[in-house]
Amino acid sequence: MSTQVEEKKAAPAVKEKSEGLFSQKNRKLLVDPLNSNNPITVQVLGICSALAVTIQIQTALVMALGLTFVTAFSNLFISLIRDSIPARIRIIVQLAIVSVWVIILDQFLRAYMYDVAKGLSVYVGLIITNCIVMGRLEAYAMANKPWPSFLDGIGNGLGYGAILLTVAFFRELFGSGSLLGYKVFAAAGLPFQGNGLMLLPAGACIIVGLIIWAQRAYNKHYEE
Amino acid sequence: MRQSNLYIILYTAGLTVLCGVLLAVAAEGLKPQQQANIALEQKRNILTTVLTLDENANITELYEKRVKAYVVKPDGSVDEGKKVEEISIVDEYKKPADQRLLPIYEVVSESDPNKAEFYVLPVYGYGLWNNIWGFVSLKSDLSTINGVSYAHAGETPGLGARITTEEIQQRYTGKKIFEGSNLVSVQMMKGEGNDYSDSPHKVDGMSGATLTAKGINNMLMDYFKSYENFFKAKMNNKQAINLK
């Protein structure tokens with residue numbers, strides 16, 4: 001599974017000093033969300049879209065890239081202007097910035113990936129309310145410099161994407177008998193009817209649950 | 001200063017203008033490409049209801065060769081003064097069914113350009129969350145469905161959004177909309193996995209998307225009714241409507 005990667009240490013310290021672009025701290029920003037601080041399985045954010053768009057690998061991939069793009073650039077912009085944002089309207093300012101990036105992404109998909117955009121229309125719009133984006137803005141970008149914030153956005157987007165793709169892999173394989181649209185069971189000459197449960201959000205819920213179980217068993221993480 | 005009302009108002013105004021400009025630039029810059037996608041999609045949808053298109057098919061060329069489009073009045077006669085491009089399906093949908101101007105796309109035979117093989121009509125309605133639309137192609141008897149092509153604005157992916165899949169659309173092929181001279185339309189039933197191959201007016205449903213299916217049923221009935229006069233005129237006297 002692509003989620004089970006390197007590093008098992010605690011989340012990085014928040015304060016940054018002048019250092020290399022890919023210093024150890026900055027690398028941790030990218031790697032930690034893949035496993036020990038995964039936005040879906042550990043922070044339990046962004047579950048809604050993880051259940052909804054994972055019916056096919058292609059849509060999951062586009063959604064993951066879209067969210068990575070939005071989180072990274074929203075983090076970057078909010079971090080750039082964080083000292084000028086009035087505290088009383090900071091959530092509205094964050095939402096405005098996120099909305100701009102989401103709409104730009106949506107317009108871009110409609111222009112260059114029309115078929116995918118049609119399938120994802122509702123969920124691309126809903127990135128605005130995706131907890132991961134707002135969560136990272138509040139928890140990280142409002143208190144950190146632009147470059148680490150940008151990396152944090154990419155890291156969390158990738159962590160989200162890794163779970164999405166894992167779920168989509170199992171759902172498409174067992175639900176439709178295909179991978180990226182290629183009918184694998186039919187190609188192997190095996191009769192396969194497709195498991196209807198995998199096509200429903202309930203199937204995704206079960207897979208996410210299993211991933212969380214496997215990951216916590218592997219990381220020896222227990223709730224207190 | 002940063003907490004003062006004046007600062008907040010000015011900050012908000014500045015941010016609004018900046019966001020507005022960015023969005024306007026993005027929307028205007030990408031508009032031609034988006035519109036080209038929509039136009040091509042429409043042609044593809046019309047053609048896919050009657051032909052099996054391979055990935056590399058030249059949609060525009062095929063459309064110009066095979067499709068003859070005209071506008072039908074509520075009484076069933078052809079409106080010679082109107083072009084299909086002038087008709088907005090969305091605007092017409094808002095009118096009562098007996099006042100709509102309706103486009104018809106006649107797909108002619110490859111060998112004889114005067115022989116209509118299929119009639120494709122646009123349909124428009126409301127699903128569970130938002131509008132749904134599509135095309136229905138009828139064989140030359142004007143009762144047998146040859147194929148359908150549906151699209152939607154916001155049905156749930158994996159549930160109602162399945163109306164765009166080949167699997168669902170294929171279920172309509174061969175169904176009849178007329179029983180004798182009575183318009184019956186075609187109903188998508190509740191529940192999935194049932195065999196309706198013996199029933200000319202029923203198709204298997206979509207599990208978990210009963211309300212989208214209802215929307216589809218209402219949409220089909222609504223539009224078949226609007227076209228009923230045209231169908232009957234065509235059936236009764238094929239020569240009565242003289243094209244071109």
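The values are calculated or read from the model by the stated rules, or taken from the named source; none is laboratory data. These numbers come from a predicted model, not from an experiment. Cβ placement follows ideal geometry from the backbone for every residue including glycine, while neighbour counts extend to all protein chains displayed.
The rows are residues; the columns are (1) loosely packed, with under 15 Cβ neighbours inside 10 Å; (2) under 17 Å from the mean Cα position of the chain (by Cα); (3) β-branched (V, I, T); (4) not in a helix (DSSP H, G or I).
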| site | (1), (2), (3), (4) |
| --- | --- |
| B:D141 | yes, no, no, yes |
| B:V148 | no, yes, yes, yes |
| B:G154 | no, yes, no, yes |
| B:I168 | no, yes, yes, no |
| B:D222 | no, yes, no, no |
| B:N229 | no, no, no, no |
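Out of the residues in the stretch B:1-49 that are more than 9 Å from chain A (Cβ to nearest Cβ) and touching a strand residue (DSSP E or B) at 6+ places or on another chain (Cβ under 9 Å), which is nearest to B:G147 (Cα to Cα)?
B:T49
Here is a list of conditions, (1) free of Cβ contacts under 8 Å to residues at least 12 places away in the same chain; (2) more than 7 Å from chain B (Cβ to nearest Cβ), and A:R88 meets all of them except one; can you say which number that is?
(2)
What do you reckon, is A:F169 under 21 Å from A:T71 (Cβ atoms), away from chain B (no Cβ under 14 Å) and part of a helix (DSSP H, G or I)?
no
Failed condition for B:S181, given (1) closer than 25 Å to B:D91 by Cα; (2) touching a helix residue (DSSP H, G or I) at 6+ places or on another chain (Cβ under 9 Å), with all others met?
If we test B:S181 against (1) closer than 25 Å to B:D91 by Cα; (2) touching a helix residue (DSSP H, G or I) at 6+ places or on another chain (Cβ under 9 Å), just (1) comes out false.
Here is a list: A:G175, A:G125. Which entry is under 19 Å from the mean Cα position of the chain (by Cα) and surrounded by 14 or more Cβ atoms within 10 Å (Cβ to Cβ)?
Exactly one residue qualifies, and that residue is A:G125.
Quick one: which residue in B:I145, B:I132 is modelled with pLDDT of 85 or more, in contact with a His (Cβ under 7 Å, 6 or more places away or on another chain) and under 21 Å from B:Q170 (Cα atoms)?
B:I132
Of the numbered conditions (1) surrounded by fewer than 18 Cβ atoms within 10 Å (Cβ to Cβ); (2) under 30 Å from A:Y123 (Cβ atoms); (3) away from chain A (no Cβ under 14 Å), B:T173 fails exactly one; give the number of that condition.
(2)
Residue check, A:S99 against (1) farther than 18 Å from A:P201 by Cβ; (2) crowded, with 23+ Cβ neighbours inside 10 Å; (3) not aliphatic (A, V, I, L, M), all met but one. Which one?
Result: A:S99 fails condition (2) only.
Give the residue, chosen from A:A111, A:A117, A:A96, A:A141, that is over 28 Å from B:G160 (Cα atoms) and within 14 Å of chain B (Cβ to nearest Cβ).
A:A96
Would you be able to tell me the number of residues in the stretch B:171-195 that are within 21 Å of B:L121 (Cβ to Cβ) and touching a strand residue (DSSP E or B) at 6+ places or on another chain (Cβ under 8 Å)?
11
A:T3 - would you say it is touching a Leu at 6+ places or on another chain (Cβ under 9 Å), modelled with pLDDT under 60 and within 25 Å of A:N219 (Cβ to Cβ)?
Spelling it out, A:T3 is indeed touching a Leu at 6+ places or on another chain (Cβ under 9 Å), modelled with pLDDT under 60 and within 25 Å of A:N219 (Cβ to Cβ).
Which residues, counting only those in the stretch A:52-82, are among the β-branched types (V, I, T), within 9 Å of chain B (Cβ to nearest Cβ) and assigned to a helix (DSSP H, G or I)?
If the condition is that a residue be among the β-branched types (V, I, T), within 9 Å of chain B (Cβ to nearest Cβ) and assigned to a helix (DSSP H, G or I), then A:T59 is the only one that fits.
Got a sec? Which of B:T48, B:T52 is polar (S, T, N, Q) and crowded, with 18+ Cβ neighbours inside 10 Å?
Just a single option satisfies the conditions, and that option is B:T48.
With B:Y70, B:Y93 as the choices, which residue is under 18 Å from B:A39 (Cα atoms) and touching a residue at least 12 places away in the same chain (Cβ under 8 Å)?
One residue alone meets the criteria, B:Y70.
Since B:N130 meets every condition but one in (1) within 14 Å of chain A (Cβ to nearest Cβ); (2) in contact with a Lys or Arg (Cβ under 8 Å, 6 or more places away or on another chain); (3) surrounded by fewer than 17 Cβ atoms within 10 Å (Cβ to Cβ), which condition does it not meet?
Checking B:N130 against (1) within 14 Å of chain A (Cβ to nearest Cβ); (2) in contact with a Lys or Arg (Cβ under 8 Å, 6 or more places away or on another chain); (3) surrounded by fewer than 17 Cβ atoms within 10 Å (Cβ to Cβ), the one that fails is (2).
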